[in-house]
1. Hey, how many Å between the Cα centroid of region 513-563 and the Cα centroid of region 586-617?
2. Once phi is turned into ³J(HN,Hα) by the Karplus curve 6.51 cos²θ - 1.76 cosθ + 1.60 with θ = phi - 60°, what whole-Hz value does each residue of region 489-496 show in order, with x for glycine and proline?
3. Using a Förster distance of 30 angstrom, determine the FRET efficiency expected from the C-beta separation of Ser425 and Cys117, and round it to 0.05.
4. How far, in nm, would the chain grow between Ala589 and Glu272 when pulled straight, counting 0.36 nm per residue and subtracting the alpha carbon separation?
5. Average projected area of the Cα convex hull of region 373-487, in nm²?
6. Could you give the nm distance between label points at Lys528 and Asn59, where each point is 7 Å from its Cα heading toward the beta carbon?
7. For region 460-471, what does the Karplus curve 6.51 cos²θ - 1.76 cosθ + 1.60, with θ = phi - 60°, yield as ³J(HN,Hα) per residue in whole Hz, taken in order and with x for Gly and Pro?
8. Assuming R0 = 51 Å, can you tell me the calculated FRET efficiency for the pair Lys573 and Thr92, based on Cβ-Cβ distance, to the nearest 0.05?
Amino acid sequence: GSQKATHSENAQGKKSQHAEEAIFYMNCRAAYLTVLKSSLENIKSKEQLSLVLQQAGRNPSQKTINKYWTSQTTSLNFDDFCAILKKEKPPTKNELLEAFGKIDRDKAGYILHDELCKILTTRGDKMTWEEVSSITKQADFNCNGKLDYNKFCELYLSTSEQCCKAARARLETDPRLRQQHFGSQTGNFPEGITLPGTKPSPRVSRKSDHKLAKGDSRAPSRPSSAQSSKASTSTTVTVAASSSRSTKLIMEPDTMKEWQCAQSKGCFYLEEDGEIISHKYRLHLAQRSAVCITIKPLSIPQAEGKSCHWLSVDTALFILKESETQENLQLVSFTELQNEEMFGWRGELGAGVYWLLPFTTGCRLRKVRTQIPGEAKLLWRDEDGELALTKEFRAALLDIFETIDLDGNGLLSLEEYNFFELRTSGEKCDQEAWAVCKENFEMKKNELTRQGFLDLNLMEANDRDGDPWDLWVTLLSLGYNKALEMTEACPFVIAICAERCKPRIKAISLEAGGSQLSRAVCRSVLNKGEPKVLGGSGNIFIYTYRSGSRITSVIENQSENKVIIHVNNEQSKNCLNNRGLMVFAVEVAPKSMMVSQHVMALNEQEEWIYSCVHSLV
């Protein structure tokens, strides 16, 4: 009975998830088609982008517009628009009230017009006096020279909702618009990677172009949303419960006990716009040697007994050979062997310098809005009125220290500390400032101790007279929420063992993977994956590859024209993907390749079925 109830709850949860995706997809199309004639038409200007975002219930600042419309941007398509909406969430009432509350320090519920005018005309996207005046003249939320920001927030949210409803109503009453099915949400690799060659893939058997591959017999017929497509292909992969974690062991202690090893920690951080950044590494081998390279989420001792969200995040490492120019790194291999949460690769590498690029799909490290019952307390005052760190904050700082201590020696070098500074403040600490730290905080061998790190954060709190604002900025940038849980970061550890020489690994940057990582991911799938011709197209291929606990599909467009591919996952079961949508579309530039999606099990303890139809629009 309990199993049936659990199954029913899971089914209801999936229905709810699908319903939310359908509503989001419909709202995207409704807003887009309010401004443009077709979802195949592109946004051509900043003004159009601002207008279409407003129709979707957003109120974008100039900073937000500039983030997506740079000096290189000439147009944005519907695919891009859906991605922006996914990243730019509309504010909640609590968030709006919290923002006003920082101005209203007396908590009176009102803000004087004079103070409001000063803020709006001097900070952020500066408004003119006329624009501010148009706000303060609104009788709905103004009285006696004061703005009632509770009423203002209610009106703001209702106006945003009315915009969305009006756009949906227009969509529902226009049969021409209802027939348009193009939509998507961009994943980690929005840009197509240009192909070096144009010859057809020799591995594809043209005889089976229009047939399902062996094992695909359960693939459903084409969904209604793809009926008008020129060509399509279907792929189904069934994975047994927990089978993705039962591959052969990576490391064999008996055969490797004489090998020399090195390791380094690092971290994936989730940006506000959903982009994932991480440390990148350079590996040096003095001579040719058999090597074993592994990566896994870092288990932090202080976190035991608490919910460690990041331990379920998938990790991988791409190994690239350095050439004369960094722009032309060559993919050597990647960590495709799996043992529990560890991924690894074994093979032989020649002497030289290699780049190690960490990777996660984004299926499990993603933005999730959850209600936090209450904000954790970071500081308290003792009997003498002296500030001190709370037990919870102290534990979080020790976890952070464990994460940023990349070489694991229990101390922070200036180089390690600067990665922390770059992430939290965007600035670096120079030798002179480090010397000042040495005078004020505990150090050993010119490296900061744990106690020194704690004292440094306490000094920051004292500088602000107990105001925890700066401390929260640090915590949030490191992936913590207001309950002091690390939900938007995933620390990891990389280990390298070599048979004939001592490997040297060094973290060299903290940034997004960029085109090098995108190209490596695509190339790994093309090298290892199962190719299918998109039926009838002849020069568009869908590659699908399962690596441990994830499935990745890549679209290769060998044609001379841009193509739009509709992707439908509605027949998949117990799956989640990095795009957050069951149905979407991607635009692939001519002579290029790009990731269609990464897919993982929602619940690894149950069987999961990846069933996807790619169709040419």
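The values are calculated or read from the model by the stated rules, or taken from the named source; none is laboratory data. Nothing here was measured: the structure is a model prediction, and the numbers come from that model. All Cβ positions, even for glycine, are placed from backbone atoms using ideal geometry, and neighbour counts span all protein chains on display. SASA here: full protein model, heavy atoms, side chains in, ligands and nucleic acids out. Shrake-Rupley method; radii C 1.70, N 1.55, O 1.52, S 1.80 Å.
1. 10
2. Going residue by residue, I get 8, 9, x, 9, 9, 10, 10, 10 Hz, with x marking Gly and Pro.
3. In this case the efficiency is close to 0.45.
4. Extending this stretch completely gives an extra 111.4 nm.
5. Result: a mean projected hull area of 7.6 nm².
6. 4.8
7. 4, 5, 5, 4, 9, 6, x, 6, x, 3, 5, 5
8. 0.95
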